[in-house]
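Just so it is clear, none of the values below were taken in a lab; they were calculated from the coordinates. The shown structure was predicted, so the numbers you read here are calculated from the model rather than taken from an experiment. A quick note on method: Cβ atoms are made from the backbone with ideal geometry, for glycine too, and the neighbour counts reach across all protein chains shown.
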Amino acid sequence: MATGNGTLQGKVVIVTGGGTGLGKAAALLMAKEGADIVIAARRVNAIEQTAREVKDLGGRALAIPTDVTDGKQVNSMVERTIAEMGGLDILLNNAGIVRGQVPKQLWELSDEEWRLGIDTNLSGTFYCCRATMKHFVDQGHGKIINIASGNGMRGSRGDYMYGTAKAGVINLSRVLATTFAQNNIQVNCIAPGFVDVRHMQPEPATGEVTRTAKFIPVGRFGVPNDIGHLVLFLASEASDYVTGGLFPNDGGGLAGGVAPTGYAPVIEMEED
Amino acid sequence: MGSNEFSLSGKTALVVGDSKYWSKYAGVALAEAGADVAIAARNTKRLEEAAGEVRRQGQKAITIPTDTTDASQVQKMVEQVVAEFGRIDIMVNASDLLFAKPFLEVSEGDWRRILDTNLTSAFHCCQAVGKQMIEQKKGRIINLLSCLAERGVENFAAYCASMGGVLQLTRVLDIEWARHGITVNAIGTGWISEVEKTEAPQEELLMKYMPLKRYGHPREMGPLLVYLASDTTDFFSGQFLYVDGAVMSHL
């Protein structure tokens with residue numbers, strides 16, 4: 001897909017959790033395509049930094065400090081977006097706490113810990129979808145891209161809240177896609193694999209299989225732009241007929257999963 | 001599976017395709033539940049051994065040496081079972097020739113042999129037995145597959161393709177034959193061994209990867225097989241169920 005062609009010219013996008021990592025990478029890629037970006041997350045410094053970088057690319061940007069687990073804050077963030085940016089076309093639900101295994105036994109988890117995990121990774125996405133959907137229905141178009149996880153498709157040891165919430169995000173996306181398909185609203189889900197968000201390098205280093213990434217079929221961790229480019233596709237009109245989809249972007253991990261990567265026996269056919 | 005709900009008493013089963021594991025273990029599981037069992041596959045010695053195990057359960061057993069890649073032999077096999085048992089209530093299709101090799105080294109002959117043995121055999125057996133079951137207005141078809149019907153492992157391209165083919169055959173026949181009272185399901189087995197495998201370093205790697213830290217034994221498919229064959233599953237069709245030590249569910 002060619003980039004830098006203004007595919008998203010004039011579109012207004014909300015990116016939750018856009019201060020760092022995937023959200024930031026996707027925000028900058030969309031800004032390069034001409035989109036105006038609203039970054040909504042808790043960390044003020046981080047979202048303001050992203051907003052500055054968007055503006056450097058020539059786009060309009062707005063940083064709105066938001067705790068997505070609070071439905072009221074989400075509502076006012078969306079209202080402010082529409083008022084100040086003059087519209088809203090695309091929502092990227094990326095906010096969440098990436099935490100798989102909980103360092104506790106199941107029976108030691110409190111109600112609060114359970115709710116926090118579910119709220120951050122599932123309720124936040126629901127609140128944002130709820131807050132934007134009426135606007136999308138009224139204007140007759142809209143796109144929602146939800147960041148789920150392979151953890152929402154398969155079980156991971158000790159991963160009680162994150163995986164469960166992400167599984168919820170996956171099915172919430174299907175429900176919304178089904179419910180609002182006739183309103184010309186596309187809702188899709190991305191399941192990233194292991195993405196190294198500490199490095200914001202735009203392009204992956206290819207060819208080199210690092211020891212720690214050996215368990216990933218392509219032999220490297222993902223970089224934020226691996227996911228960002230898929231966001232770009234799902235945000236653009238190239239995906240207007242795509243809805244209710246679940247797109248793993250994981251270096252091939254989910255295609256296997258019954259044997260460790262690198263397990264490659266040679267077995268001759270047994271003669272009768 | 002001691003409950004009467006799952007009894008196969010008075011039923012006749014055909015276990016077809018593979019004499020390596022399944023003739024014996026599927027045959028015994030069905031016989032334990034009360035079914036008489038016809039066993040058909042290529043290897044005569046193992047066939048007789050499997051039949052002996054079935055008879056030890058106090059059930060009738062017949063063996064029918066059959067090359068399931070040959071449609072006419074399969075047709076004769078079905079006729080023989082019907083002649084001896086009167087009907088075929090249950091078919092367990094277990095064609096399962098294992099093969100793994102780097103993809104670029106897989107010859108045309110390898111490919112054809114795997115596809116013929118695992119997939120075309122299922123086509124022949126389902127067609128010939130299905131005809132009989134439609135006449136009976138009832139039947140149970142259970143395709144014994146590998147989890148590799150749904151997932152990839154390096155070097156298993158031909159095998160995975162053959163298993164995936166039978167899985168889709170399962171889903172289509174379920175829809176086509178539901179109205180005839182025939183249920184069609186598939187069982188996906190995980191890593192299976194009759195013996196402890198701990199020798200090769202690669203096997204150790206695999207062992208560590210498995211949530212249960214062990215291979216499954218072929219007899220562990222038995223209870224699910226009996227459940228799917230029983231009268232309790234009239235409304236249960238078109239499904240792919242795993243007996244896999246949780247390898248399919250973990251990330």
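For the protein assembly as shown, the C-alpha radius of gyration divided by 2.2 N^0.38 Å, with N the number of residues, is 1.16. Remark: mean inter-chain Cβ contacts per residue of B:149-156 equal 6, using a 10 Å Cβ-Cβ cutoff to other protein chain atoms.
The trypsin sites (Lys or Arg not before Pro) of segment A:51-123 that DSSP puts in a loop, and whose beta carbon has at most 15 other beta carbons within 10 Å, are A:Arg99, A:Lys104. Would you mind counting up the charge near B:Lys11? Only other residues with Cβ under 11 Å from its Cβ, with Lys and Arg at +1 and Asp and Glu at -1. Combined, the nearby Lys, Arg, Asp and Glu give 0. Could you work out [θ]222 nm for chain A from helices alone, using -39500 (n - 2.57) per DSSP H run of at least four and dividing by all its residues? Round to the nearest 500 deg cm²/dmol. It lands at -11500 deg cm²/dmol.
Look at the dipole of the protein assembly as shown built from charges on Cβ: of B:Met91, B:Asn185, A:Ala165, the Cα furthest out on the positive end belongs to A:Ala165. When the trypsin sites (Lys or Arg not before Pro) in segment B:141-240 are filtered for DSSP coil states and for at most 16 other beta-carbon atoms within 10 Å of their beta-carbon, the remaining sites are B:Lys197, B:Lys213, B:Arg214. Rounded to the nearest 0.05, the FRET efficiency derived from the C-beta distance between B:Gln168 and A:Ile97 at R0 = 51 Å is 0.85. Out of all Cα-Cα pairs in segment A:12-255, roughly what percent, to the nearest whole number, are more than 32 Å apart? Value for segment A:12-255 (Cα pairs over 32 Å): 16 percent. In summary, the lysines within cross-link reach of A:Lys72, defined as a Cα separation below 19 angstrom excluding same-chain residues under 8 places away, comprise A:Lys134.
What does the charge count near B:Thr170 come to, summing +1 for each Lys or Arg and -1 for each Asp or Glu among other residues with Cβ under 14 Å from its Cβ? The answer is -1.
Using R0 = 51 Å, the C-beta based FRET efficiency linking B:Trp111 and A:Leu116 works out to 0.45. Could you work out [θ]222 nm for chain B from helices alone, using -39500 (n - 2.57) per DSSP H run of at least four and dividing by all its residues? Round to the nearest 500 deg cm²/dmol. Calculated mean residue ellipticity at 222 nm is -12500 deg cm²/dmol. Screening chain A for whole DSSP H helices with an alpha carbon extent of at least 30 angstrom along the helix axis and a mean Kyte-Doolittle hydropathy of at least -0.5 yields nothing.
Within the same chain, lysines fewer than 8 places from B:Lys11 are excluded, and of the rest, those with a Cα less than 29 Å from its Cα are B:Lys20, B:Lys24, B:Lys45, B:Lys60, B:Lys76, B:Lys131, B:Lys137, B:Lys138.
Positive contributions from Lys and Arg (+1) and negative ones from Asp and Glu (-1), summed over other residues with Cβ under 15 Å from the Cβ of B:Tyr159, come out at -4.
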